[in-house]
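Let me begin by presenting the structure, written as structure tokens, before commenting on it.
The values are calculated or read from the model by the stated rules, or taken from the named source; none is laboratory data. The shown structure was predicted, so the numbers you read here are calculated from the model rather than taken from an experiment. For neighbour counting, all protein chains shown are included, and Cβ atoms are generated from backbone atoms with ideal geometry for every residue, glycine included.
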């Protein structure tokens, strides 16, 4: 997966199927405004959740100030839209 170092909602996150695909994607993205990106392994989805409306992951909402991190909330997530777009969240997670 190739994604920006800073973003939200999985914006500008792309699947990469190999070196040649990475090269083609990199060239395509180079036509826009350059920004730092991260290349990381894709972790496949887990089994469907029992209720069917939630994703198989949660997010920890954290604020960092002066080197100290404070966790604010744990949020449940709705399933992603292709390719990796977040579709919303709910509090509290189930």
Original post:
Any chance the stretch 16-23 includes a residue that's in a helix (DSSP H, G or I), surrounded by fewer than 10 Cβ atoms within 10 Å (Cβ to Cβ) and not assigned by TED's automatic domain parsing to the domain that holds residue 92?
Top reply: yes
Original post:
In the stretch 3-14, is there at least one residue being in a loop (DSSP other than H, G, I, E, B), assigned by TED's automatic domain parsing to the domain that holds residue 91 and either modelled with pLDDT of 90 or more or exposed (fewer than 13 other Cβ atoms within 10 Å of the Cβ) (or both)?
Top reply: no
Original post:
What residue, among those in the stretch 24-35 that are in a loop (DSSP other than H, G, I, E, B) and loosely packed, with under 10 Cβ neighbours inside 10 Å, is modelled with the lowest pLDDT?
Top reply: 32
Original post:
Does residue 52 qualify as being at pLDDT 90 or above and on the phi > 0 side of the Ramachandran plot?
Top reply: no
